[in-house]
1. Do you know which of the residues in segment 90-110 that are of a type outside the set (Val, Ile, Thr) and under 13 Å from ALA78 (Cα atoms) is modelled with the lowest pLDDT?
2. Output the qualifying pairs, or none if there are none: Cβ atoms under 9 angstrom, residues six or more apart or on different chains, first residue in segment 90-117 and in contact (Cβ under 8 Å) with a residue 24 or more places away in the chain, second residue of a type in the set (Lys, Arg).
3. Looking at segment 129-140, can you tell me whether even one residue there is farther than 20 Å from LEU41 by Cα and modelled with pLDDT of 85 or more?
Amino acid sequence: MSRRADRIAAAALALLALAAAFEARGFRVSFLTDPVGPRALPWLAAGLLALGGALLLLRPDEDGPWPPWPGARRVAAAVGASLLYAGLLQPIGFIAATTLLVTLLSRMFGGRLLPSALTALALAGGLYALFALLLGVPLPIGALFLRRG
């Protein structure tokens, strides 16, 4: 990646970090009594974005092109899958949407379908148990599963 591209990406990450930090400062949730609460997530995201931008700025020069087209296509597909995940989270619920996303991402990186799907289902179930059952964080069940009649 060229030095110019590094600087552009670093600037984009810095802007995203600023936006996340700006949004995080006014984030209030009245129903949780945890001292850290959900406010920590946007601050963590802002910090990680800022760290990524700083690493790109400090990275030494390399002589090499942008990633080859298959790599760029895979990144674009992962971003698209993540956007699809955000759109499907409410209609189909956390477990189904997470299973679908992790299966798609696993397949993009060469995983076989059945092991990918089973692992994704186990991961989604484990995350649901951790957040919803142990930590008490409400996760969407899915509007499709709540409809009756």
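1. The initial filter retains those residues of segment 90-110 that are of a type outside the set (Val, Ile, Thr), namely 90-91, 93-94, 96-97, 100-101, 104-110.
Within this subset, residues satisfying the condition of being under 13 Å from ALA78 (Cα atoms) are 100-101, 104-109.
Details: LEU100: 95, LEU101: 93, LEU104: 93, LEU105: 91, SER106: 93, ARG107: 92, MET108: 88, PHE109: 85.
Among those residues, the one meeting the criterion is PHE109.
2. Listed by first residue and then by second, the contacts come to MET108/ARG74; PHE109/ARG74.
3. Quick first cut of segment 129-140, residues farther than 20 Å from LEU41 by Cα only: none.
The answer is no, given that none of the residues of segment 129-140 is farther than 20 Å from LEU41 by Cα and modelled with pLDDT of 85 or more.
Rundown of residues vs (1) within 23 Å of PHE109 (Cβ to Cβ); (2) modelled with pLDDT under 65, yes/no style:
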{"site": "PHE22", "(1), (2)": "no, no"}
{"site": "ARG25", "(1), (2)": "no, no"}
{"site": "VAL29", "(1), (2)": "no, yes"}
{"site": "GLY37", "(1), (2)": "no, yes"}
{"site": "LEU44", "(1), (2)": "no, no"}
{"site": "ARG74", "(1), (2)": "yes, no"}
{"site": "ALA77", "(1), (2)": "yes, no"}
{"site": "LEU83", "(1), (2)": "yes, no"}
{"site": "ALA86", "(1), (2)": "yes, no"}
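The values are calculated or read from the model by the stated rules, or taken from the named source; none is laboratory data. Computed from a predicted structure; not experimentally measured. So basically every Cβ, Gly included, is an ideal-geometry build from the backbone, and we count neighbours across all protein chains shown.
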